[in-house]
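**Q** Below you will find the structure I want to go over with you.
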Amino acid sequence: MRIETIYMRSPILTIGKFTACIGYFDGIHRGHQRLLKQVLAISKQDGSIPAMITFDPDPWTVLKHAADLTHLTMIEDRVRIAESFGIECMVILHFDEAMADCEVSQFHDMLKAMGVSTLVCGFDFHYAKYGQGNINTLLSQSLFQVSVCEPVMDGMRKISSSQIEELIQNGQISHANELLGYAYSIHGIVVQGNQVGRTIGFPTANIALQDPYVLPKSGVYAAMAAVDNQTYRCMVNIGHNPTFNERRKLSVEAHLLNFHGDLYGLDLRLEFCCYLREEQKFKDKAALVCQLHKDIQAVAACLDEGE
């Protein structure tokens with residue numbers, strides 16, 4: 001995929017004739033996917049490049065001076081997911097004070113200069129200084145075509161990134177995955193832990209997250225692990241390990257089924273499939289091991305059902 005970053009203070013790069021959807025697209029959920037599909041349909045008709053225009057960093061870091069934000073997807077995740085749908089070009093608008101101060105007409109000129117022939121957006125899209133740009137201002141300009149998509153609903157509620165974030169934080173992974181259209185995932189580097197799991201027959205990969213992902217609530221999950229171009233069924237524990245010297249810091253540990261080897265230093269991605277149970281403090285190792293065997297059976301049942 002071609003990736004271009006645009007800065008307001010620099011000359012605008014001309015990419016060529018392209019059709020693009022625009023937005024922050026955290027999660028690239030089913031609502032966002034409607035826009036992607038519209039982009040692909042238009043580009044197939046007129047021969048334009050199918051593209052996505054997004055922002056990085058998160059505009060709230062500039063507009064609201066927000067810190068410690070968490071996200072469903074990092075920019076590299078959005079690139080990966082968009083590419084899987086057939087998007088060929090990702091245009092990243094670097095969001096700084098200059099971008100925040102961009103006037104409506106200036107924003108239109110920038111899109112035209114890049115080569116936008118058709119812009120696809122949601123009905124509630126806002127842009128430019130103070131969010132003054134909206135569907136009406138887009139439809140009133142004549143520099144490029146505009147295609148507006150209606151929302152995808154979850155019952156009576158519009159599917160949104162914030163709704164999915166709330167579901168994940170409440171452990172409602174199955175519902176979140178339904179709205180995403182794929183299994184929610186996070187990734188990080190495998191680091192050395194206290195190796196207690198190894199002593200009871202359940203070695204775990206301790207994952208140090210490098211990025212501020214939305215974390216599922218504490219508990220045990222059925223998941224798929226992707227590492228070193230291989231995938232494995234796994235059981236994931238998110239929590240503080242209360243049975244063995246409870247940790248203050250939240251940990252993410254994965255026991256990969258049918259895996260024997262060293263994962264230290266490797267990047268491991270977890271795709272969450274089912275929430276199994278709350279994290280518990282057991283009276284001794286034997287009680288914990290007994291429950292872990294039950295959890296393995298629950299992982300198999302969950303993943304078998306999903307196949």
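**Q** State whether the chain is rounded, prolate or oblate according to the following rule on the C-alpha gyration tensor (a ≥ b ≥ c being the square roots of its eigenvalues): a/c under 1.5 gives rounded; otherwise a/b larger than b/c gives prolate, and the remaining case gives oblate.
**A** Values: a/c = 2.41, a/b = 2.25, b/c = 1.07.
Since a/c reaches 1.5 and a/b is larger than b/c, the shape of the chain is classed as prolate.
**Q** If you don't mind, another one. Among the lysines, which have Cα under 29 Å from the Cα of K64 when same-chain residues fewer than 8 positions away are ignored?
**A** K112, K129, K158, K217, K249
**Q** Which far-off residues, 5 or more places away or on another chain, put their amide H under 5 Å from the one on E279, with H placed in the peptide plane?
**A** G219, V220
**Q** With r defined as the distance between the Cβ atoms of L139 and N170 and R0 fixed at 30 Å, what FRET efficiency is calculated, to the nearest 0.05? Could the numbers behind the result be given before it?
**A** Working: r = 38 Å, r/R0 = 1.27.
Result of the calculation: an efficiency of 0.20.
**Q** Please turn the phi angles of the stretch 214-231 into ³J(HN,Hα) values with the Karplus equation 6.51 cos²θ - 1.76 cosθ + 1.60 (θ = phi - 60°), one per residue in order, whole Hz, x for glycine and proline.
**A** 5, 9, x, 4, 4, x, 10, 10, 8, 8, 10, 10, 10, 8, 6, 6, 10, 10
**Q** From the backbone phi of the stretch 43-57, what are the Karplus-calculated ³J(HN,Hα) couplings (6.51 cos²θ - 1.76 cosθ + 1.60, θ = phi - 60°) in whole Hz, Gly and Pro given as x?
**A** Coupling constants for the stretch 43-57: 5, 5, 6, 10, x, 7, 7, x, 9, 10, 10, 9, 10, 7, x Hz.
**Q** Another one. Work out, step by step, the length gained on full extension between Q210 and L69: first 0.36 nm times the residue separation, then minus their alpha carbon distance; give nm to one decimal. Don't skip to the end; give the middle numbers.
**A** Numbers: separation 141, 0.36 × 141 = 50.76 nm, distance 1.36 nm.
Between Q210 and L69, full extension yields 49.4 nm more.
**Q** While we're on this one: Rounded, prolate or oblate for the stretch 183-306? Axes are the square roots of the Cα gyration tensor eigenvalues, ordered a ≥ b ≥ c, and the cut-off for rounded is a/c under 1.5.
**A** Working: a/c = 1.33, a/b = 1.15, b/c = 1.16.
Because its axes are fairly even, with a/c under 1.5, the stretch 183-306 counts as rounded.
**Q** Please list the non-local residues whose amide H lies under 5 Å from the amide H of I53, H modeled 1.01 Å from N, same-chain partners needing a gap of 5 or more.
**A** Long-range HN contacts for I53: C21, I22, G23, V91.
**Q** Still on this structure, I have one more. Mind checking which aspartates and glutamates have their C-alpha under 13 Å from K44, skipping anything on the same chain fewer than 8 residues away?
**A** E88
**Q** On to the next question. Shape call for the stretch 62-158 from the C-alpha gyration tensor, a ≥ b ≥ c root eigenvalues: rounded (a/c under 1.5), prolate (a/b greater than b/c) or oblate? Numbers along the way, then the final one.
**A** Working: a/c = 1.28, a/b = 1.13, b/c = 1.13.
Since a/c stays below 1.5, the shape of the stretch 62-158 is classed as rounded.
**Q** Under a Cβ-Cβ cut-off of 13 Å, what is the net charge of the residues other than Q230 that fall near it, where Lys and Arg count +1 and Asp and Glu count -1? Please list the in-between numbers first.
**A** Values: positive: R233, R269; negative: D228, D267.
The answer is 0.
**Q** Taking H placed 1.01 Å from N in the peptide plane, check which residues at least 5 places from C274 or on another chain put their amide H under 5 Å from its amide H.
**A** Close amide H contacts, sequence-distant or interchain: A222.
**Q** May I pose another question? What are the lysines whose alpha-carbon lies under 18 Å from the alpha-carbon of K285, with same-chain residues fewer than 8 places away excluded?
**A** Within the straight-line limit of under 18 Å, K285 reaches these lysines: K294.
**Q** In whole angstrom, note down how far apart the Cα centers of the stretch 177-228 and the stretch 31-47 are.
**A** Computed from Cα coordinates, the inter-centre distance equals 34 Å.
**Q** From the backbone phi of the stretch 168-175, what are the Karplus-calculated ³J(HN,Hα) couplings (6.51 cos²θ - 1.76 cosθ + 1.60, θ = phi - 60°) in whole Hz, Gly and Pro given as x?
**A** Values, residue by residue: 5, 5, 9, x, 8, 5, 4, 5 Hz.
**Q** Another question, if that's okay. Evaluate the charge dipole of the chain about its Cα centre and quote only its size in Debye, nearest 20, assuming +1 on the Cβ of each Lys and Arg and -1 on the Cβ of each Asp and Glu. Before the final figure, lay out the partial values.
**A** Details: 26 positive and 35 negative charges, 67 e Å.
Roughly 320 debye for the chain.
Laboratory data are not the source of any read-out in this text; all were calculated from the coordinates shown. Computed from a predicted structure; not experimentally measured. No Cβ is skipped: glycine too gets one built from the backbone with ideal geometry, and neighbour counts run over all protein chains shown.
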